[in-house]
Amino acid sequence: NKINVIEPFPNEMNYRGSEYLLALKGDPISKSALLSTTIQTNMLLSRMLDKYSESRSDGFFGKKLFAFTDDIDVVNRLYHSTLDSEGRRYNGYEDGAKATLSSLRDPSSLSNIKSVQGQVWKIPSIIQNDASLTNKKKVIRVSSQETGSQTDAEIVIATSKLEVGVDDPNVGAVVQHKSPREFASFLQRKGRAGRSEFMRPWTVVVLSDFGRDK
């Protein structure tokens, strides 16, 4: 009772910045691996941001997605699977004969039933353009063995290597595959997005139904 709290009044505060936090849970009876949920998340969320070549939102959404995981084996599998889903080869170049998996979510080619089931992605075409589901994202991998170049990458698959020391104003979304091993580590990863006060960054955690995730 002898302690006075010194704090500003609400009318003295200026609201700057906001963030979206989303937890996704894989379906344990769907017979699909949790990694596939993260791959779908990367595909969709990267298309909920601005295109790297233009910024319709003037920095409000960001242009780049960081996807983190604690297991180097999972990093490699997530990297190669994400490349494949984007219709690219191992070296990151386009495979002209292969389409993106996101093109299967095109509203013009899907029925209303699939729309009700959430399998139609309409918003990316509004945020980016009509070709947002067919355009191939540039994907790189960053780990202790492979530093990578983040300049024009749109999806970055990373370990704890990118937790600190990265101040990229284009990062608009962070995806965490499974529960992070340390909360402090998760806070560092989450902080990679939304480096400007104007941006509204996304943080998405993809969780299983087992172990620490549960």
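Things worth noting here:
- The convex hull around the C-alpha trace of the chain, projected and averaged over every direction, spans 16.2 square nanometres.
- Share of carbon and sulfur in the accessible area of region 1-127 stands at 54%, probe radius 1.4 Å.
- Protection-proxy order for peptides 177-184, 3-10, 57-64, each taking the mean of Cβ atoms within 10 Å per residue, highest first: 57-64, 177-184, 3-10
- Long pairs among K31/K178; K25/K178; K31/K64; K137/K161; K64/K98; K25/K137, criterion Cα-Cα beyond 19 Å: K31/K64; K137/K161; K64/K98; K25/K137
- Relative contact order [Cα under 8 Å, 6+ residues apart], the chain, whole percent: 31 percent
- By accessible area with a 1.4 Å probe, ligands and nucleic acids excluded, highest first: order of S108, S103, S132: S108, S103, S132
- Area accessible to solvent at K190, 1.4 Å probe radius, in Å²: 40 Å²
- Length gained when the stretch F198-D27 is fully extended (0.36 nm per residue, less Cα-Cα span): 58.1 nm
- C-alpha center-to-center spacing [region 125-201, region 55-109] in angstrom: 12 Å
- HN-Hα J in Hz across region 163-168 - Karplus 6.51, -1.76, 1.60, θ = phi - 60°, x for Gly and Pro: 5, 10, x, 10, 10, 9
- Using every pair of separate Cα atoms, the Kirkwood estimate puts the hydrodynamic radius of region 1-72 at 16.7 angstrom.
- Accessible surface, 1.4 Å probe, highest first, among residues W202, W121: W202, W121
- The candidates E12, E19, arranged from most to least accessible area with a 1.4 Å probe in the full protein assembly, appear as E12, E19.
- Positive end of the dipole of region 127-214 (Cβ unit charges, origin at the Cα centre): among F198, H177, I155, the Cα lying farthest that way belongs to H177.
- Per residue value of the accessible surface for the chain (all protein chains in place, 1.4 Å probe), Å²: 58 Å²
- Between helix 34-46 and the chain there is an angle of about 80 degrees, using the helix long axis and the longest principal axis of the Cα atoms.
- For the chain, a simple Cβ point-charge model (Lys and Arg +1, Asp and Glu -1, everything else neutral) yields a dipole of about 360 debye relative to the Cα centre.
- Length gained when the stretch A97-N11 is fully extended (0.36 nm per residue, less Cα-Cα span): 25.1 nm
- Ratio Rg/Rh, restricted to region 151-190 and using Cα atoms, in which Rh is the Kirkwood radius: 0.93
The values are calculated or read from the model by the stated rules, or taken from the named source; none is laboratory data. Keep in mind the model is a prediction, meaning the values are calculated, not measured. Every residue, glycine among them, receives a Cβ derived from its backbone with ideal geometry; neighbour counts consider all protein chains shown. What goes into the accessible areas is simple: the full protein's heavy atoms, side chains included, and nothing from ligands, DNA or RNA. Shrake-Rupley method; radii C 1.70, N 1.55, O 1.52, S 1.80 Å.
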